[in-house]
Amino acid sequence: MVTVEQWRAICENDAAYDGQFFYAVSSTRIFCRPSCKSRTPKLENVSVFLCAEDAIDAGFRPCKRCKSGGMRLPDVEWVAQIEAYIVEHYREHLTLDRIADGCHGSAYHLHRVFKGQTGMTPLDFVHVVRIREACVLLKETEIRVMDIGVAVGMPNAAQFTTLFKRIVGMTPSVYRKDRKGLENDEANFL
């Protein structure tokens, strides 16, 4: 339970409370010092821990920005955190700044580390996740192509189709027809 005093310290990034408690955010699975300059979380997503070890034991990761774990988070772990954040939020309007804020780092550093570890930019990864989900929806549903674009976070139909074709090599409509044809061939084969 977060006290009024702790909540005030979190909202005001009050360094005087560093060392007294850590706060963890359930939506990001990250824990921070009260002085962390990351975006203020929703109160209902916050838990308080008296020490970093308790937060880690509860399944939270140290913040890259405020180094709440007492040491620098290894890049490979931070990239896993970034990927998990993107997979959870791909339907939303994601910018590099929003991803960096959600993963408690600077946009420049996040971009550089992510690309160094994965070979692609964070926004390229967002596109891959969106198109992968679109492929599932095209195969498993009869939702209109335009509505699938919206469902995966791309409300601009032309942009969705162009990106889909660039990544998959065909338009969403052709992809759906090809997959339906493969299913029919498999059914006839059995």
Ellipticity estimate at 222 nm from DSSP helix runs (n ≥ 4, -39,500 (n - 2.57)) divided over the chain, nearest 500: -17000 deg cm²/dmol
Inter-label distance for ASP178 and ARG144, nm, one decimal - labels placed 7 Å from Cα along Cα-to-Cβ: 2.5 nm
In segment 43-87, trypsin sites (Lys or Arg not before Pro) in a DSSP loop with at most 13 other beta-carbon atoms within 10 Å: ARG72
Cysteines in the chain lacking a second Cys C-beta under 4.7 Å: CYS11, CYS51, CYS103, CYS135
Most fluctuating residue given options LEU43, LEU123, LEU138, as computed from a GNM of the chain linking Cα atoms under 10 Å: LEU43
Percent of Cα pairs exceeding the 28 Å cut-off, where the set is the chain: 40 percent
GluC sites (Glu not before Pro), loop per DSSP, at most 16 other Cβ atoms within 10 Å - longest free stretch of the chain: 13-91
Carbon + sulfur, % of accessible area of the chain - ligands and nucleic acids excluded, 1.4 Å: 55 percent
Per residue accessible area in Å² of the chain, where ligands, DNA and RNA are left out and the probe is 1.4 Å: 55 Å²
Segment 15-51 residues near the modelled MET1 label - backbone nitrogen below 14 Å, point 7 Å along Cα→Cβ: 48
Residue-count net charge about GLN159 - beta-carbon cut-off 13 Å; Lys, Arg +1, Asp, Glu -1: +3
Simple spin-label estimate for ALA158 and THR121 in nanometres, 7 Å along Cα-Cβ: 2.1 nm
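The values are calculated or read from the model by the stated rules, or taken from the named source; none is laboratory data. Here the structure is a predicted model, which is why all the values come from computation and not from measurement. All Cβ positions, glycine included, derive from the backbone under ideal geometry; neighbour counts span all protein chains shown. In case anyone asks, the SASA skips ligands and DNA or RNA and just uses the protein heavy atoms, side chains included. Shrake-Rupley method; radii C 1.70, N 1.55, O 1.52, S 1.80 Å.
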